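Engineer: Can you read through this structure? Questions will come right after.
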Ligand SMILES: Cc1cc2nc3c(=O)[nH]c(=O)nc-3n(C[C@H](O)[C@H](O)[C@H](O)COP(=O)(O)OP(=O)(O)OC[C@H]3O[C@@H](n4cnc5c(N)ncnc54)[C@H](O)[C@@H]3O)c2cc1C
């Protein structure tokens, strides 16, 4: 019988990040992954600034950057009438190198410590797997094994895993089970949990003023006898040496068309991924990926197909994120559509939140309310990000709805139609790549593991981030006068950051009494003191604000109990 503290089902990015979090906190894990080898499809392609801050804490940010888009590669997003036709509009974004420079020049707490990284999920998973396989790690990866069944009792979970190759069954005894097993999660199904799925009707209703136009356009297409996309996407990952052809709009990160079709530059050199919508009734197994590429790009292209796959993005959140000793994270708990890349980054946020809480409970200092606080904190974020993802999709649908056949015509009236569409695209904007409120603005209002305060919290919007230490927020990132990032001073447990000579013994004693790891860090820096708003700010192991104040209160023990999930 295999025995472990935490059994993680699923070795995608979320399962891997959870394993690394637990590894860093001294917890033993077994990670069961159905696939015997690494996947071949790149899938999601952006790790957000916040995810990179976590990767920096885990010691792998530099390695991730080494596999990400080169520092000088343009990151523009280009709309064109068809992938092989006219450029319509361009949203310019700084190269990764320039993006880092911008962060360094604005030290007002409004920027992440690390800029986002454009990295294919495939490459990200390779770095995460490599980190987990370093000599001396406690984690045991079991590839080629899948979850068969599980049963929870008072002290742990009896799990049966099955070999994909032979069908052999093996028992595992674990104290906690976490399903990071993707959209079709067997763990979620084993818990009997359904999904709240957002329907197309919800999506259209959510469109900003464009729903009628979009509906009318869909109706016209049906009347013309055009077959409609049915929600499935077909992804072709390929390599080609015809760089000049791809650069005809100037080097870019993404080129997308209102006809359907998105071309993503994967490594800035020779590798691309094309996503096209599948029409109702199309059988993906009969498609020739080379032909799909040629058709989308308007000519035969010398290319090597690396992978091709059909998939169905969904907008869904699980009814619950788990209970007792069995929890869900990542796509098992929520699913989003590609615009915004929120699915991957929301999942990484889940793994970070759940990781320290599992460790705290296993090490005896986490209270009974700590694991339930995972759901209280992360499910609202999952719903918010699913709805944001739906909003980005609705923008793309409005652009598709605004297209008329004239935009494909090489004539003055075609040019006029393209001009109209260009204006509409620029008017609708590109929030999917600018949603800084989603990236940096996670805040756990009302969480049972945060010592909240009364008053009005800072306003939240998808398009902006307000630097704040309001309890539950991600604290602002500040570079101190000595050149160190304030985040780099935070310890693996709780950190009490002290900006003035204030007594903190009551906090230290309360933490000692409860066995809660607490570091006191002194910062004497005018800029940071102003941005952090209070003389004392208590930071959680996941780098969220647990409490803040200008002096240690008499109730320090109550605060410690609250933030370790043992409060009332
Ligand atoms: C083909 C495809 C293309 C995508 N493209 C994009 C994109 O362009 N942009 C974007 O933002 N997002 C995209 N996504 C979504 C994105 O990949 C996910 O949001 C992200 O992978 C979530 O990570 P995860 O670890 O939660 O789940 P996953 O990456 O799905 O990992 C789950 C893992 O669990 C394993 N597993 C499943 N069941 C079991 C079991 N019973 N036992 C053991 N192991 C099991 C699976 O093999 C898999 O490795 C795509 C997804 C797919 C499938």
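The values are calculated or read from the model by the stated rules, or taken from the named source; none is laboratory data. Since the model is a prediction, treat every value here as computed from it, not as a measurement. Backbone-built Cβ (ideal geometry, glycine too); neighbour counts: all protein chains shown.
Engineer: Is it true that some residue in segment 29-50 is within 24 Å of residue 8 (Cβ to Cβ), more than 16 Å from the ligand (Cβ to nearest atom) and either more than 20 Å from the chain's Cα centre (by Cα) or buried (at least 19 other Cβ atoms within 10 Å of the Cβ) (or both)?
Structural biologist: The answer is no, given that none of the residues of segment 29-50 is within 24 Å of residue 8 (Cβ to Cβ), more than 16 Å from the ligand (Cβ to nearest atom) and either more than 20 Å from the chain's Cα centre (by Cα) or buried (at least 19 other Cβ atoms within 10 Å of the Cβ) (or both).
Engineer: Within segment 446-459, restricting attention to residues that are exposed (fewer than 15 other Cβ atoms within 10 Å of the Cβ) and within 26 Å of the chain's Cα centre (by Cα), which residue is farthest from residue 560 (Cα to Cα)?
Structural biologist: Only one residue tops the list, namely 459.
Engineer: Sticking with this structure for a sec: Assess whether residue 40 counts as being in the same structural domain as residue 183 (by TED's automatic domain parsing), modelled with pLDDT under 95 and touching a strand residue (DSSP E or B) at 6+ places or on another chain (Cβ under 6 Å).
Structural biologist: Judged against the criteria, residue 40 is a match.
Engineer: Of all the strands (runs of 3 or more DSSP E) wholly in segment 170-266, which have at least 1 residues that are more than 16 Å from the ligand (Cβ to nearest atom) and either modelled with pLDDT of 95 or more or touching a strand residue (DSSP E or B) at 6+ places or on another chain (Cβ under 9 Å) (or both)?
Structural biologist: 195-197, 229-239
Engineer: If you don't mind, another one. Could you tell me whether segment 142-157 includes any residue that is away from the ligand (no atom under 16 Å from the Cβ), within 30 Å of residue 526 (Cα to Cα) and out of contact with any strand residue (DSSP E or B) (no Cβ under 6 Å at 6 or more places or on another chain)?
Structural biologist: no
Engineer: Ok, one more. Identify the residue in segment 310-345 that is part of a helix (DSSP H, G or I) and within 8 Å of the ligand (Cβ to nearest atom) and, among all such residues, is surrounded by the most Cβ atoms within 10 Å (Cβ to Cβ).
Structural biologist: The qualifying residue surrounded by the most Cβ atoms within 10 Å (Cβ to Cβ) is 332.
Engineer: Is it the case, given these coordinates, that residue 353 is assigned to a helix (DSSP H, G or I) and in contact (Cβ under 8 Å) with a residue 40 or more places away in the chain?
Structural biologist: So residue 353 fits the description; yes.
Engineer: Sort out which residues of segment 491-530 are touching a residue at least 60 places away in the same chain (Cβ under 8 Å) and either in the same structural domain as residue 21 (by TED's automatic domain parsing) or in contact with a helix residue (DSSP H, G or I) (Cβ under 9 Å, 6 or more places away or on another chain) (or both), and write them in order of number.
Structural biologist: 492, 494, 514, 516, 517
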